[in-house]
Structures are given as C-alpha cells and as structure tokens.
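Contents: one structure, followed by commentary.
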Amino acid sequence: MADPRFHTVAGPFTVAELAARAGAAIAGAAEATRILVDVAPLDTAGPDHLAFLDNAKYVDALRRTRAGAAFIHPDKASAAPAGLTLLLTPAPYRAYALAAQAFYPDPPPEPGVAPGAIVDPTARLGPGCAVEPNAVIGARVELGRACVIGANSVIGPGCVLGDEVRVGPNASLSYCIVGDRVRIYPGARIGQDGFGFAPDPVRPVKVPQLGRVIIGDDVEVGANSTIDRGAGPDTVIGAGTMIDNLVQIGHNVQIGRGCVLVAQVGISGSTRLGDFVMIGGQGGLSGHLTIGNGAQIAAQSGVISDVAPGEKLMGSPAVPIRVHHRQALLLRRLATKKGE
Amino acid sequence: MADPRFHTVAGPFTVAELAARAGAAIAGAAEATRILVDVAPLDTAGPDHLAFLDNAKYVDALRRTRAGAAFIHPDKASAAPAGLTLLLTPAPYRAYALAAQAFYPDPPPEPGVAPGAIVDPTARLGPGCAVEPNAVIGARVELGRACVIGANSVIGPGCVLGDEVRVGPNASLSYCIVGDRVRIYPGARIGQDGFGFAPDPVRPVKVPQLGRVIIGDDVEVGANSTIDRGAGPDTVIGAGTMIDNLVQIGHNVQIGRGCVLVAQVGISGSTRLGDFVMIGGQGGLSGHLTIGNGAQIAAQSGVISDVAPGEKLMGSPAVPIRVHHRQALLLRRLATKKGE
Amino acid sequence: MADPRFHTVAGPFTVAELAARAGAAIAGAAEATRILVDVAPLDTAGPDHLAFLDNAKYVDALRRTRAGAAFIHPDKASAAPAGLTLLLTPAPYRAYALAAQAFYPDPPPEPGVAPGAIVDPTARLGPGCAVEPNAVIGARVELGRACVIGANSVIGPGCVLGDEVRVGPNASLSYCIVGDRVRIYPGARIGQDGFGFAPDPVRPVKVPQLGRVIIGDDVEVGANSTIDRGAGPDTVIGAGTMIDNLVQIGHNVQIGRGCVLVAQVGISGSTRLGDFVMIGGQGGLSGHLTIGNGAQIAAQSGVISDVAPGEKLMGSPAVPIRVHHRQALLLRRLATKKGE
C-alpha cells in the first residue's frame, strides 16, 4: 500500500467496475462483485488487491499470487491459479494504469490564488485554476479550466495554457502556447531564447529569437528539461509526446505525435522528428535532420544524418542496429585474438 | 511576422538606415529610401521585408524571393533577382542579426522592485534596475546599471553584477562576480559548491570550496546550466563565451574568450580552455586538461588528454577527426565483409 | 586567502589544535604552538598558513614551500624543507578537508522564517531551522533540527527531513524522506513522478507513481539533478552517496552507500547499485540492472548488462576496461595501416 503520507487511496471498487473502466473481460474465478481496495504487485498482493501480469518473466509470481484479481493477456490465462479472478485484456499494463488511476486519482486543484502568488491584473484564469504560493503569472497570460501552477513557478507574459494543465514547482514558461492536459514537471524551462548568435571578433552578435514554443495536448515535459523557442519558425512538440528529465530541445525543432524522449536526450536546432519516434537516454541528434515516423534511436547514440521511417539505429555516430552489433562483435573478436 | 503576443516590432526603417547599422553596402535594385517593416526568411518575405542569404543551400530561395531587400555576400550577388535591393556584406548572418536587433530590441527593464521581491537592505542596485516579482537579493549584493533580475531568482550574499546583466526567472547565483551585458538564462545555477570531498570509510569529508565564479563581459549561460565555484582558485568564464543549456562546468575550470559550449557539454574540474574553443553537444572533458586556442571537439566526444591549439577531435575517447573517420570507415568495411 | 566578500575565516588555530582535529602526528620542525591563520596551496602559502601534499606531482612545490605547516603522508616526509612543521597522516587530503572545515565552517542557520516564505500551519519545524525568503513549505512537512530551506525552494506536502539538512535555493522536494546532514543543491528536483506510462494509440496512459524517494544520511544531491520517486517500490539513495550536478536517477533505482555519481550521469529505472560504486561523468546505465559493490564505470560509458562487484568497465556499450583499451589500440593500429 502506498504511503498515506503522500498518497490517498480512493475506492473501494468492485471487479466489475474496474473491468469496465479498463475495458477488460472477466474470467477465471470471475467474481464480478468482489471488492478490491488497492493495487499491488503479484508477489505481495492479497485477496482484496488488484494486480497485473505484463512481462512474461513474472509468470511464476502469477502462479503463486494471492491477489483477488489480475489483468492478464488471454494467452497467459492458463498459468493463473484457480481462485484468481482474471481481467482479460490484450494490454494488461495499460489496463493496470487505468485501474491505478481510479485508486489514485490526481488530487483536484484547490482553486484560488495562494498567498504570495503574484498574478498580473491582465492575466485571465479559467474556472477552477489553482495558483500555488509564490508563483508568478505575467501580463496577458491565459489559463484554461482547472490548471495548476506550481509554487514558485513563473509563467511569462502572453503565454496561453489549455485546460487541466499542471505546471510543477519552480518551472519557467515563456513565449509558449500549450495544449490541454499537458504536464510540465518541476524546473522545466520552456520558451527561452534559442542558442543563436553570429560570430564576431569583438563579441558574438545575438540573433533575436522571434518564434514560440507550441506544445500539443497530453504532452509531458520532464523535470529540468529545456525547450528553446524558435528563431523565426516555432519549436513544436506534437500531441502525446513524452519527454523525460534533463532533455534539451533546441530552437526550431519539430517533434511529431507520440514520441518518447528518454532522460538527457539532446536534439539540436531545426531537426524534425516524425510521429512515434523513440530516443533512448543520452541520445543526441545533430541539427537540421529529418527523422522518419517510428524510428528508434538507442541510448547514447549520436545521429548525424537523416533517418528513414522505422529505422533502428545505435552508436556514435549511429548506424543501423544490426551493423552496430556486428561491429562490436568483430572488434571484440579481433581484440581478443591480437591481445591474448 | 513574429507573434505580437510575444514580440513587438520596432521600425519601420529605410534600407539606408539598416545598411548603416549593419555596415553593408547598397547594390542591386539599390532603393536606399525603401521602407522596410520587418525581417523575414527569403521564401516568405514580401516587398517590405528584409531577408538574408547565408547558406549556399538557399540560393534557389534567393532566386525566387519577393523580399524588398536582402543581406548577401558579394560573391552571391549574381544570383539575386533584378528587383531586389542588395545589402552587400562579407558576413550576412551577422548583418541580419544586427538588423533583427533593430526591429526587435530587447525591451528595456521596467525599473523598480516588483511586489513580493525581497531585497536585503545592504544590497546596492544601480540606476534603472528591475527586480521582478518574488526575486530574492541577498546581503551586500551589488548590481550595476539597468540589470534585470528575473522572477523567483535568487542572488546570494556578496554577488557583484555589472551593467545590463539579465538574469532569467528561477536562476540562482552565489559566490560570483559577473561582468557587463551577461545573460543568465532561467534555472542556471552559478556558484554552488564544487564536487569536492575526501573519501572516508564512515562518511565522505566535505572539502570547503573557497573560490568564486568569475564571469567576463558578454557571456551567456544557458537554461539549467551549472557552474560550480572554485575549490580555492576561481572558476573563470572568459568574455564573449556562449554556454548553451544543461551544460556542467566543474570547479576551478578556466574558460577563455569567445568559446562555444553546446548543450549538455560537461567539463570536469580544473580543466583549462584557451580562446575560441568549440565543443559540440554532449561532449565531455576530463579534469586537469589543457585545451589550446581554437580547438574543436565534436559532439559526444570524450577528451581525456591535452589538446593542441586548433586541433579537431572526435570520438570517445577523442582522436583527431581524420583518424576517427578512418576508424569508422574501416570498422564498417570489416564488419560488412565478415558479416554478410 | 579566500575572498572575504564570500568566505569568513575562523581561527587562528595552533598546529596542535589542527593536528588533533585531523588526527595527524606532529613532526619535522614540530612547532606545536605555532599559530596558523588560514589554509593555502603549497606554492602560495606563507609561514602562518597550513598546506597539504596529496598528489606526488606536487613534490617540487613541497620542496620550495614557505608554508608554516603541511599535512603529508609519512612516506613523503623526507622531501619536506627543514623549517616546515609536518602533520603526518596516511590521508592528507582528508586531513586538509577537516582543517579547512575548521577555518571555514558552514555558517550556522539564522533561525526563523524569512519574509515572503510561506509555511503551512500544519508543518513542524525543529529547533534552529532557517526558512529563507520566499521558500514554500507544504502541509504536514517535518523538519528536524537546524535545517536550512533555501530561498524560493519548495518542500511538498508530507516530506520529512532529518537534522541539519541544507536545501539550496530554487530546489523542489516532494514525496521524500530525507536523512540527517543531507545537502540538496540549488535546483535539484526530488520526488516528482517517474517516467511511467502505457502506450496507447490515442494518447499515452499515465501510470500513477505510488512510491517515494528515500535519502540516507550524509548524501549530497548536486545542482539541477533529478531523482524521480518510485512507481510502487521506492527510489533509494544510500548513506554517504555523493551525486554531482545534472544527474538523472529514474524511478525505483536503488543506490547503496558511499557511491559517487559524477556530473550528467543517468541511471534508468529499477537499476540497483551496491555500495561504493563509482560512475564517471556522462555515464549511463540501462534499466533493471544490478551493479555490484565497488564497481567502477568510466566516464561516458553505457552499461547494458549486470556488473560484478569490483569490475571496471568502459565504453558504449561498456566492456572491461582492459578490453576497451585493447580495442581502441587495435582500431588505431588498423586504421593507420590501411589509411596511410
């Protein structure tokens, strides 16, 4: 059970309620009216807990589980113990996520402007917004419905946020238009000047950065990540894209829908990603590249040329993943021969 | 045209005014009194817009442009359409930057201490300084003329900032002496303890960090970058050095003039860079190295020994760039032969 | 001498006092009652200064030093000039650290809640705590004795901090339990949601992150580093572990005692480190790995499989350090043969 100091459990729910929420079919022991009070992992769950099996590696835990019910793929159902109520679904992890959201919903915003917060009189806040202590909201800012602006965060002049946007503490937004249900984590920096200057023997000449940052619906921007605004065109983050912590996104970058950027990734200026691109942790992309839909870039890879849709790359500089494995193997073999 | 919600265009200006500001010579259609209202890229510019050609890749856009005027290198002038007023300069991008600064000047500070800002009574603020809401300025801080201290930023006790320094929101400065016209972006951390401790079986013994951070004129420090103060000597950033986002600079590092550190670079303690050194994104330097003037380190490279002036390195560990290319080629060839 | 604008020197102390504090034996000129007023490097120290020799590279500076006293390993004592009082110890750097702490102690907290700070009425602050300007302390927070909460920092609801914890400016803590004498540097982000979501064609489904971050005694978390809370289990940082700047620690990671993570390291979710593991700058670890006690991972390495205790790895993907050196050498040789 989650520490009640930090997490408040809702419910209880019946198996039937949770199956409906998650779009799962009841099978196995099939106790649709059984009361469930919490989620738990297979190995620690008790009879009033809901668990799930997603990774085949945990089939043994499934066999021994004392859970009351579990989300499971129909193909794995035969491994379940007799007394377990099965909630069959082709996507058990997704179903678990929805059930866990039922037990642990985001606390609703506590509407109002907290002490110490400074809201410019020209800013417009939608109904149900919460502005936490010492947050600062600039001139002409527009917030949609039920937004939360975290303590000590700063929303710069003119920014527009959609509905149910949650900005964590100590974040800074400027020069940006943000969609609905976006989550900005603590310390994220959005909209500052891109890294644009012209060299000069006396001192670099700053190039005014005249674009914006446009963030689609359902995007997440991780803690201490940085997204610079465009130099003329905009920097664009497509709907449903997930950005982990400490990620850098340069000016004019355009990212499609549903991409996943793991922690410490860096994308240089003017590079474009299609939809559903995945980049592993600490991966880096040069500027002015085009990365096709569904491409996958392994962790720590360095991409220096365009990538076709669906390609899988690895290494620095990045090569197709098969080539990389072959090179690593070859090198290892040669080094062993010569050296020992 | 830049979004007026965020950017306010100045002007208009005549061609002659902009040529003078940028030090360019008027040629081509040569309409010195033509009125220009904005900057724009070659492909979208109209007759009252100013464009530029810097990258040869865009010569086609030049041929088709409807811009009223454009900065251009004399060598490329022959490709320009007849009606275009040319502003000839050997450095078109620099000229564009200066013209764009005319159209989009930094808004001047709005002098005064905003609500919620806490300024220690012993701090001294020069004329025209703006302290934004909820910023905190410590004891004995000295600000020059026309500085801006961003909302929710913290300037620690004793810090000295020159004239026209701009500190973005949510930044933290301590133990530092900062020159004129420096820009510190949101969330940058300057002056905290270096990573210094003596190992011990019971618990690490912290080594007091007794130095400072000294930042020269015209330096930029990117969003969420971190610069630790020296352990005894100072950490020093030379004039005109440009530091991108999420860059780490360890204690005692000394960086010369006009260096460029791209995003996510890391420089370990006590390493010294000469002038005009360039380091690509995610590059890393070990500690206690000496990097000569004008050296260039490719993105993601890992430098573990001294670098001579003007050397170009790549790879992890870094080798001369020609060697790296040859190794990559060789490896690719061998792997292809063996594997297929 | 350290800049008095930032550092206040305590003392003076006698040689005997400092020897006692650092556990060193007096030898050489052996003036136990000599008065020392400051620490200084061997090459700039004067007769009333205390220096140290740790790195054999500086033996020449020892020979020429004018310092009054120096910490030194007994093996190096013969190189010392005649007039120098020696403080013999097997760990001169550690001894220096303790002496420097005597000369430059952390300033004690100035107890009280500063102007602009917002402390929830249900929070409990131990004796001697200092809450700096515009800090925000949430509901049910518990602080031990003599904590400092930096200006503009945010401590989220329910967090528990031990004694003498120092949180720098602009940091954010949430969902965490923190031990004694922990130091959190400016802009660190602790306790936000881990990067957990289930893929979905419409939009990613967020997985509630139901764990916490547990931080042991004497831990340091560097500037702008990020530590996500667990998804169900906790994220755990063992006592005495030192985390540098811009480090990323994913959800469910467990780190043992006395580990050292250099700047820009990234550790993916659910990986476990034993005790005294060292990871060089920009190193990355995949998720769900087990890293044995005392393992050492070189800078920029990428670890993708389990590591045995005491192993030393390098490269991306990481291999034993001898293998890596051999591969680099071989590659260099082959490339030279072929190319020139």
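The values are calculated or read from the model by the stated rules, or taken from the named source; none is laboratory data. Values in this document were obtained by computation on a predicted structure and should not be read as measured data. FYI the Cβ positions are ideal-geometry reconstructions off the backbone, even for glycines, and counts take in every protein chain you see.
Checked against (1) closer than 25 Å to A:Pro157 by Cβ; (2) part of a loop (DSSP other than H, G, I, E, B), B:Ala97 meets all criteria but (2).
If you go through the range A:94-110 and keep only what is closer than 23 Å to A:Phe6 by Cα and surrounded by 15 or more Cβ atoms within 10 Å (Cβ to Cβ), you end up with A:Tyr96, A:Ala97, A:Leu98, A:Ala99, A:Ala100, A:Gln101, A:Ala102, A:Phe103, A:Tyr104, A:Pro109.
Just so you know, in the range B:12-25 the residues that are closer than 15 Å to B:Ala51 by Cβ and out of contact with any Lys or Arg (no Cβ under 6 Å at 6 or more places or on another chain) include one that is nearest to the other protein chains (Cβ to nearest Cβ), and it is B:Ala22. Of the residues in the range B:82-93, not one is in a loop (DSSP other than H, G, I, E, B), closer than 27 Å to B:Gly150 by Cα and within 11 Å of another protein chain (Cβ to nearest Cβ). Note on the range A:262-277: residues that are of a type in the set (A, V, I, L, M, F, W, C), under 22 Å from C:Ile304 (Cβ atoms) and facing another protein chain (nearest Cβ under 10 Å) total 3. Of all residues in the range B:105-130, how many are more than 23 Å from the chain's Cα centre (by Cα), more than 11 Å from chain C (Cβ to nearest Cβ) and either touching a residue at least 12 places away in the same chain (Cβ under 8 Å) or closer than 23 Å to A:Ala135 by Cβ (or both)? Of the residues in that region, 12 qualify.
Note on the range A:271-285: residues that are surrounded by fewer than 20 Cβ atoms within 10 Å (Cβ to Cβ) and more than 16 Å from the chain's Cα centre (by Cα) amount to 1. Of these, A:Asp306, A:Asp244, which one is at pLDDT 95 or above, more than 22 Å from the chain's Cα centre (by Cα) and not hydrophobic (A, V, I, L, M, F, W, C)? Sole residue among the options that is at pLDDT 95 or above, more than 22 Å from the chain's Cα centre (by Cα) and not hydrophobic (A, V, I, L, M, F, W, C): A:Asp306.
Residues that are at the interface with chain A (Cβ under 9 Å from one of its Cβ atoms) and not aliphatic (A, V, I, L, M) within the range C:302-314 comprise just one, C:Gly302.
Filtering A:Ala25, A:Ala69, A:Ala30, A:Ala40 for residues that are within 13 Å of A:Ala99 (Cα to Cα) and touching a Ser or Thr at 6+ places or on another chain (Cβ under 8 Å) leaves a single hit, A:Ala69.
Tell me yes or no: at least one residue of the range C:30-38 is within 29 Å of the chain's Cα centre (by Cα), modelled with pLDDT of 95 or more and closer than 30 Å to B:Val141 by Cβ. The answer is yes, given that some residue of the range C:30-38 is within 29 Å of the chain's Cα centre (by Cα), modelled with pLDDT of 95 or more and closer than 30 Å to B:Val141 by Cβ. Taking the range B:141-173 as the range and being part of a loop (DSSP other than H, G, I, E, B) and either aliphatic (A, V, I, L, M) or facing another protein chain (nearest Cβ under 7 Å) (or both) as the test, the residues that pass are B:Val141, B:Ala146, B:Ala151, B:Asn152, B:Gly158, B:Val165, B:Gly168, B:Pro169, B:Asn170, B:Ala171.
So that you can scan it fast, the table gives a plain yes or no per residue for (1) out of contact with any Pro (no Cβ under 8 Å at 6 or more places or on another chain); (2) of a type in the set (Gly, Ala, Ser); (3) more than 8 Å from chain C (Cβ to nearest Cβ); (4) closer than 16 Å to C:Pro169 by Cβ:
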{"residue": "B:Asp193", "(1), (2), (3), (4)": "yes, no, no, yes"}
{"residue": "B:Ala198", "(1), (2), (3), (4)": "no, yes, no, no"}
{"residue": "B:Pro201", "(1), (2), (3), (4)": "yes, no, yes, no"}
{"residue": "B:Pro204", "(1), (2), (3), (4)": "yes, no, no, no"}
{"residue": "B:Gly211", "(1), (2), (3), (4)": "no, yes, no, no"}
{"residue": "B:Asp217", "(1), (2), (3), (4)": "yes, no, yes, no"}
{"residue": "B:Gly222", "(1), (2), (3), (4)": "yes, yes, yes, no"}
{"residue": "B:Thr226", "(1), (2), (3), (4)": "yes, no, no, yes"}
{"residue": "B:Gly232", "(1), (2), (3), (4)": "no, yes, no, no"}
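Scanning the range A:327-339 finds no residues that are closer than 18 Å to C:Val319 by Cα, away from chain B (no Cβ under 11 Å) and in a strand (DSSP E or B). Annotation: of all residues in the range C:174-191 being within 7 Å of chain A (Cβ to nearest Cβ) and part of a loop (DSSP other than H, G, I, E, B), the one that is surrounded by the most Cβ atoms within 10 Å (Cβ to Cβ) is C:Gly187. When the residues of the range C:247-268 are filtered to those that are under 19 Å from C:Cys176 (Cα atoms) and surrounded by fewer than 24 Cβ atoms within 10 Å (Cβ to Cβ), the one that is nearest to the chain's Cα centre (by Cα) is C:Arg257. Looking only at residues in the range B:174-195 that are over 18 Å from the mean Cα position of the chain (by Cα) and of a type in the set (A, V, I, L, M, F, W, C), the one that is modelled with the lowest pLDDT is B:Phe195.
Do we find a residue being buried (at least 17 other Cβ atoms within 10 Å of the Cβ), touching a Ser or Thr at 6+ places or on another chain (Cβ under 6 Å) and farther than 22 Å from A:Ser316 by Cα anywhere in the range C:306-321? Checking the range C:306-321: not a single residue is buried (at least 17 other Cβ atoms within 10 Å of the Cβ), touching a Ser or Thr at 6+ places or on another chain (Cβ under 6 Å) and farther than 22 Å from A:Ser316 by Cα.
Scanning the range B:85-101 turns up one or more residues that are out of contact with any helix residue (DSSP H, G or I) (no Cβ under 8 Å at 6 or more places or on another chain) and under 30 Å from B:Ile137 (Cβ atoms).
If you check A:Ala70, A:Ala91, A:Ala61 for being under 24 Å from the mean Cα position of the chain (by Cα), free of Cβ contacts under 8 Å to residues at least 60 places away in the same chain and closer than 25 Å to C:Val205 by Cβ, only one passes: A:Ala91. Each residue in the range B:282-298 was checked for being away from chain C (no Cβ under 12 Å) and out of contact with any Leu (no Cβ under 6 Å at 6 or more places or on another chain), and 8 of them qualify. Please give the number of the condition B:Val202 fails out of (1) crowded, with 24+ Cβ neighbours inside 10 Å; (2) at pLDDT below 95. Every condition holds for B:Val202 apart from (1).
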